[in-house]
Structure formats: structure tokens, C-alpha cells
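Down below is the structure, laid out as C-alpha cells.
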Amino acid sequence: MAELAALEDPRMREVNEKHGDDHGVNLSKLRALAKRLKTQQDLALQLWKTEDTAAKLLAILICRPKAFERNQLDVMVRAAGTPKVHDWFVNYVVKKNPHSEELRLAWFADPDPVVASAGWALTAERVAKKPEGLDLAGLLDVIEAEMKEAPDRLQWAMNNCLAQIGIEHPGHRARAIEIGERLQVLKDYPTPPNCTSPFAPIWIAEMVRRQNAM
């Protein structure tokens with residue numbers, strides 16, 4: 001904890017807090033610390049219990065994702081707190097755990113929109129990598145009906161799923177683009193130069209262009 005405190009940068013905290021993340025640790029330095037510590041499941045669990053955002057991020061980097069039981073992951077996703085911790089937890093831990101599909105189904109329709117966003121993030125992963133058995137048309141129905149009014153983090157995850165359907169599945173591409181154009185979700189999202197807009201029609205078009213150029 002003392003090492004993490006020493007990595008704190010007030011200016012970085014100010015930037016992060018605009019995105020809902022209450023820490024000021026440079027993530028490259030955090031990763032370097034994790035690399036030095038290597039995998040330590042017991043320490044990861046202790047760090048997670050501190051409720052400190054930087055400590056939780058470090059815990060995610062040094063934990064053993066496959067060691068967690070299903071119920072542990074369910075409790076942890078509800079305690080993730082900040083967007084960065086939630087995002088890292090889903091991507092670096094849950095996706096690598098053998099219970100990920102079971103949790104995807106459980107979280108997808110959870111009444112807590114942040115938990116539901118984890119279910120949608122796992123669904124977007126399946127859309128891209130293992131779509132067998134998914135009802136893509138049904139997912140588009142839900143996105144069309146609910147994404148516009150969804151809370152921010154849930155909306156972001158649903159939009160990601162919409163884009164993945166359009167990028168990876170040509171048979172659903174036209175409808176995915178049409179839904180994106182009609183709903184206008186994230187159309188005005190500030191996008192740095194040389195980065196792709198998260199607005200689904202632009203995102204889909206750019207990724208398909210890259211695929212065709214390969």
C-alpha cells in the first residue's frame with residue numbers, strides 16, 4: 001500500500017476522476033509493480049479487501065483468474081466500484097475463468113445495470129469469438145429496444161455488442177448499422193486523433209475496411 005501511495009500523481013487523479021476512477025497511479029508503473037510481484041493469489045485477495053482502487057487494480061494483475069469460484073466472482077463484480085476496476089475485472093479475470101459462460105447468463109439480465117454491463121461485455125466477447133448458439137437477431141432486438149435509454153456503463157457494453165455483431169457477422173451487418181444510425185448512441189463521443197469512434201456505424205465500417213485490406 002505504501003508503494004502504491006508513492007506512485008500517486010495528483011494530476012493523473014484529476015484526469016481519472018473525470019471518468020469516475022478515484023486513483024492517480026500511472027498504469028504502466030502499476031503493471032511494472034505487478035510484474036515484479038508475479039502471481040500471488042493470497043496477496044491479491046488481501047489487496048481487494050482494502051477497497052482502494054489502485055490496490056484492486058493491482059490485485060487483478062497478480063491474481064490467478066481460474067482459482068476463483070463462481071460465487072466469489074459474483075460478489076466481486078458487485079464490489080468492483082469504479083469503471084476501470086470493473087472493466088479490468090471482467091476482461092482479465094472473469095473471461096479467463098471456467099465459470100464465465102454461467103456468469104454471462106446470470107449477469108445478462110441482472111437488475112443492477114453495472115452487473116448487467118458485465119453480462120453484455122461477456123456476450124460481446126462470445127459474439128466475436130464463439131457465436132455458436134447465440135441468438136444474434138434476438139440480441140439486436142434487445143439493443144434496439146433498450147440501448148438508447150440504458151445507463152452509461154450498460155449502454156457502452158450494449159453498443160460494443162452491437163458493433164461486434166456488425167463487424168463479425170455480415171448477415172446482420174446492415175441491421176446493426178441501421179440501429180446505430182437511428183439510435184445515435186455515442187455519435188458525439190470525443191475521440192482522439194488516430195482512434196476509431198465508438199459510434200457503431202463508424203466503428204463497424206472501419207473494422208470491416210481493415211479486414212478487407214488484410
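Quick one: in the stretch 16-30, which of the residues that are open to solvent by 80 Å² or more (accessible area, probe 1.4 Å) and in a helix (DSSP H, G or I) is nearest to Pro190 (Cα to Cα)?
Glu17
Is it the case, given these coordinates, that Ala163 is part of a helix (DSSP H, G or I), within 18 Å of the chain's Cα centre (by Cα) and of a type in the set (Gly, Ala, Ser)?
For Ala163, the condition - part of a helix (DSSP H, G or I), within 18 Å of the chain's Cα centre (by Cα) and of a type in the set (Gly, Ala, Ser) - is met.
Can you tell me how many residues in the stretch 33-48 are hydrophobic (A, V, I, L, M, F, W, C) and either within 22 Å of the chain's Cα centre (by Cα) or not in a helix (DSSP H, G or I) (or both)?
Of the residues in that region, 5 qualify.
Given the conditions (1) part of a helix (DSSP H, G or I); (2) open to solvent by less than 80 Å² (accessible area, probe 1.4 Å); (3) among the hydrophobic types (A, V, I, L, M, F, W, C), report the number of the one that Ala80 does not fulfil.
(1)
For the list (1) closer than 24 Å to Val15 by Cα; (2) open to solvent by 60 Å² or more (accessible area, probe 1.4 Å); (3) touching a His at 6+ places or on another chain (Cβ under 8 Å), I need the number of the one condition that Tyr92 fails.
Here Tyr92 clears every test but (3).
Condition first: out of contact with any strand residue (DSSP E or B) (no Cβ under 8 Å at 6 or more places or on another chain), buried (at least 19 other Cβ atoms within 10 Å of the Cβ) and more than 24 Å from Ala176 (Cβ to Cβ). Can you find one or more residues in the stretch 141-149 that meet it?
Within the stretch 141-149, not a single residue is out of contact with any strand residue (DSSP E or B) (no Cβ under 8 Å at 6 or more places or on another chain), buried (at least 19 other Cβ atoms within 10 Å of the Cβ) and more than 24 Å from Ala176 (Cβ to Cβ).
For the stretch 104-138, which residues satisfy the criterion of being over 14 Å from the mean Cα position of the chain (by Cα) and surrounded by 21 or more Cβ atoms within 10 Å (Cβ to Cβ)?
Across the stretch 104-138, the qualifying residue is only Val127.
Look at the stretch 166-190 and say how many of its residues are surrounded by 14 or more Cβ atoms within 10 Å (Cβ to Cβ) and over 17 Å from Met147 (Cα atoms).
Looking only at that region, the number is 5.
The values are calculated or read from the model by the stated rules, or taken from the named source; none is laboratory data. What you see is a predicted model; the values in this text were computed from it and never measured. Using ideal geometry, Cβ is built from the backbone for each residue, glycine included, and neighbour counts are taken over all protein chains shown. Only protein heavy atoms, including side chains, enter the accessible area calculation; ligands, DNA and RNA are left aside. Shrake-Rupley method; radii C 1.70, N 1.55, O 1.52, S 1.80 Å.
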